[in-house]
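Peer 1: Structure below; questions to follow.
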Amino acid sequence: MGDWNIAPQDDDVWDIEFFRANAMTHVSEPERAAFHAFETAGFKDVVRPHTPSRRLHLLGLHPAAFPQEGRHAD
């Protein structure tokens with residue numbers, strides 16, 4: 001399952017409080033509920049089972065300018 005532009009877990013973004021405080025997309029309850037509905041239907045995240053760290057940030061700005069400010073969006 002992928003390319004949803006949803007961060008289904010808090011640790012999928014570099015700072016969940018920043019995302020919530022700024023009304024960012026990717027972390028709203030309706031987005032997460034829709035994603036979870038597909039998980040319960042049997043669809044799986046193919047990346048997470050193969051990553052040793054919970055903090056997986058694939059998308060983001062240039063790391064030299066903004067280190068640790070990425071997100072993992074399904």
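Peer 1: Among the residues of region 5-15, write down those that are within 13 Å of Glu29 (Cβ to Cβ) and either outside any loop (DSSP other than H, G, I, E, B) or in contact with a helix residue (DSSP H, G or I) (Cβ under 6 Å, 6 or more places away or on another chain) (or both).
Peer 2: Ile6, Pro8, Asp10
Peer 1: Being in contact (Cβ under 8 Å) with a residue 24 or more places away in the chain and assigned to a helix (DSSP H, G or I) is the filter; apply it to region 30-47 and report the residue that is surrounded by the most Cβ atoms within 10 Å (Cβ to Cβ).
Peer 2: Phe35
Peer 1: Name the pairs: first residue in region 5-29 and under 16 Å from Asp45 (Cα atoms) and surrounded by 15 or more Cβ atoms within 10 Å (Cβ to Cβ), second residue of a type in the set (Asp, Glu) and at pLDDT below 85, Cβ to Cβ under 7 Å, at least 6 apart or on different chains?
Peer 2: Taking only residues 6 or more apart or on different chains, the pairs are Ile6/Asp74; Pro8/Asp74.
The values are calculated or read from the model by the stated rules, or taken from the named source; none is laboratory data. All figures in this text were calculated on a predicted structure; none of them were measured in a lab. Neighbour counts are summed over all protein chains in view; Cβ atoms, including those assigned to glycine, are modelled from backbone coordinates with ideal geometry.
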